[in-house]
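What follows is a set of notes on a single structure, which appears directly below.
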Amino acid sequence: SQGRLACPAVLGFYGLCWHLYDEYLWRTGWATRTLSGVPNLNGYWTGTIYSSHPDQGPIEAVLVIRQTSSRILITLETGTSRSYSTMASLCSAPGTNNGLRYAFSNAPRSLAAKTMGPHAGLAQLILSSDGSQLSGDYETNRFRATNGRLEFRRSPVPVSVSGSETREKPSAHT
């Protein structure tokens, strides 16, 4: 009878420890290094998209990263569309594959140009050595057929596409 009570208690304790690590403890550390060795990208990033589309200049954007030790969700928002990651990976090992890679699904807003439809794509971003910038390239599928450059700086406060502060706190749970 004591064995049946001990098992749930052990599992409950493990679950509590895992939750604390997954949500909080993995990102504790010094400077840009974390306890887990995985860079903490969680938060708001403001920046610019430079597209290969012939009729498009630089586009202001907000990148929101919601990260725990076991999950990472990326949302990119502009005045005309919103993209959501469909899968993502973060490689923290030194080398050319270092960085954040993700596939995304993009949905245009109602006021977007008629030529812009829903599309998918891939992005690869590299984190600067001081952890303040993410930059890299993206490409879209054959329906949109564009590519370009993404450049973002970490924002100290939550922001929206309009550049104004928001009260929303990033979380890996949506």
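The modelled label-to-label distance for the pair ALA9/SER132, using points 7 Å beyond Cα in the direction of Cβ, is 5.2 nm.
Shown in residue order for the range 40-51 are the 3J(HN,Hα) couplings computed by the Karplus curve 6.51 cos²θ - 1.76 cosθ + 1.60 at θ = phi - 60°: 8, 9, 3, x, 9, 10, 10, x, 9, 10, 10, 9 Hz (x for Gly and Pro). Atom-type composition of the exposed protein surface of the range 62-153 places 53 percent of the accessible area on carbon and sulfur (1.4 angstrom probe).
The relative contact order of the range 47-113 comes to 22 percent, based on Cα pairs under 8 Å that sit 6 or more residues apart.
The values are calculated or read from the model by the stated rules, or taken from the named source; none is laboratory data. In this text, all values refer to a predicted model and were calculated from it rather than measured experimentally. No Cβ is skipped: glycine too gets one built from the backbone with ideal geometry, and neighbour counts run over all protein chains shown. We work out accessible area using only protein heavy atoms, side chains counted, and drop any ligands, DNA or RNA first. Shrake-Rupley method; radii C 1.70, N 1.55, O 1.52, S 1.80 Å.
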